[in-house]
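Take a look at the structure below.
The values are calculated or read from the model by the stated rules, or taken from the named source; none is laboratory data. From a predicted model like this one, the values you see are computed outputs, not experimental measurements. A quick note on method: Cβ atoms are made from the backbone with ideal geometry, for glycine too, and the neighbour counts reach across all protein chains shown.
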Amino acid sequence: MALTFDDLLLRARALTRDGRRALLGIAGSPGSGKTTLAERLVRALNDGGPPWVAHVPMDGFHLADVELDRLGLRDRKGAPDTFDAAGYAALLRRLREDTDEVVYAPGFERVLEQPIAGAIPVPPTARLVVTEGNYLLLREGSWARVRPCLDEVWFCEIDEEERVRRLVARHEEFGKGPEAALAWVLGTDERNADLIATTRDRADLVVPAGALPSPCAVPPTRSAAGQG
């Protein structure tokens, strides 16, 4: 039987069965639908009631452009070494501690293409934290500290042609011309996608395109938009 979105909701709910805070990771290549899935899960699980599910994207840990310029990495923005992986892992560990205080996470402003500190509050009442990003299953460097903090990691998988189409459209929406958008997708984004694909087998669940909500099903949130 094909996996459905309702199946994903049941599986996510089950992570919090014992009452402790659980962390669910959603990984995948750029344009695979990670952010859309995360936002739809959070919305459906909260369902208009008191919010008990929070969304914390990895993208808030992008290094700022000024630092990328200093490091000579601006043309590789989005690669593993252009994030504060250790800082992201430290936030996940803090979230797992499940104390009685609000934990603030950084967001990412896609119009500015810059991280924003303290943009996402995670209240003590949050029993499930959904975090999504490209490199949750990577084993190199500080990224290796991420997976042990997560109860499960799901991997989003869609048709490559559709993934590329989405990425080009996204880059155009946020300021790149058609040729520049395509060049970035087939260059920097594709190198990152090839690396991320090697981590697929480490996921607890592969989410096929049929179980993913349409990108138009969730309105974009610019203040904490991800690279889904």
message: I'd like the full set of residues that are closer than 15 Å to residue 53 by Cβ and outside any helix (DSSP H, G or I), limited to segment 4-41.
response: 15, 16, 17, 19, 20, 21, 22, 23, 24, 25, 26
query: Taking only pairs six or more apart or across chains, which ones have beta-carbon atoms under 7 Å, a first residue in segment 69-83 that is part of a helix (DSSP H, G or I), and a second residue that is of a type in the set (A, V, I, L, M, F, W, C)?
result: 74/68; 80/138; 80/143; 81/73; 82/63; 82/68; 82/73
message: Take the residues in segment 181-212 that are of a type in the set (Gly, Ala, Ser) and over 26 Å from residue 24 (Cα atoms); name whichever of them is surrounded by the most Cβ atoms within 10 Å (Cβ to Cβ).
response: 181
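Residue under question is residue 120, and the condition is that it be at pLDDT below 95 and not in a loop (DSSP other than H, G, I, E, B); does it hold?
Working: at pLDDT below 95: no; not in a loop (DSSP other than H, G, I, E, B): yes.
When the stated conditions are applied, residue 120 does not pass them.
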query: Which residue out of 127, 147, 93 is among the basic types (Lys, Arg), modelled with pLDDT of 95 or more, more than 20 Å from residue 196 (Cα to Cα) and touching a Gly at 6+ places or on another chain (Cβ under 9 Å)?
result: 127
Pick from segment 123-161, criterion in a helix (DSSP H, G or I) and in contact (Cβ under 8 Å) with a residue 60 or more places away in the chain, ranking: nearest to residue 60 (Cα to Cα): 143
field: Hits in segment 184-228 (condition: at pLDDT below 85, under 12 Å from residue 32 (Cβ atoms) and not in a helix (DSSP H, G or I))
entry: 212, 226, 227, 228
statement: In segment 164-179, residues that are surrounded by 13 or more Cβ atoms within 10 Å (Cβ to Cβ) and either under 18 Å from residue 113 (Cα atoms) or β-branched (Val, Ile, Thr) (or both) total 10
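Determine if segment 140-152 includes at least one residue that is aromatic (Phe, Trp, Tyr), buried (at least 19 other Cβ atoms within 10 Å of the Cβ) and under 20 Å from residue 15 (Cβ atoms).
No, segment 140-152 contains no residue that is aromatic (Phe, Trp, Tyr), buried (at least 19 other Cβ atoms within 10 Å of the Cβ) and under 20 Å from residue 15 (Cβ atoms).
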- request: Spot the failing condition for residue 122; the list is (1) in contact with a helix residue (DSSP H, G or I) (Cβ under 7 Å, 6 or more places away or on another chain); (2) closer than 24 Å to residue 200 by Cα, and only one is missed.
  value: (2)
message: Return the residues of segment 84-117 that are assigned to a loop (DSSP other than H, G, I, E, B), more than 29 Å from residue 173 (Cα to Cα) and either in contact (Cβ under 8 Å) with a residue 40 or more places away in the chain or small (Gly, Ala, Ser) (or both); say none if nothing qualifies.
response: 98
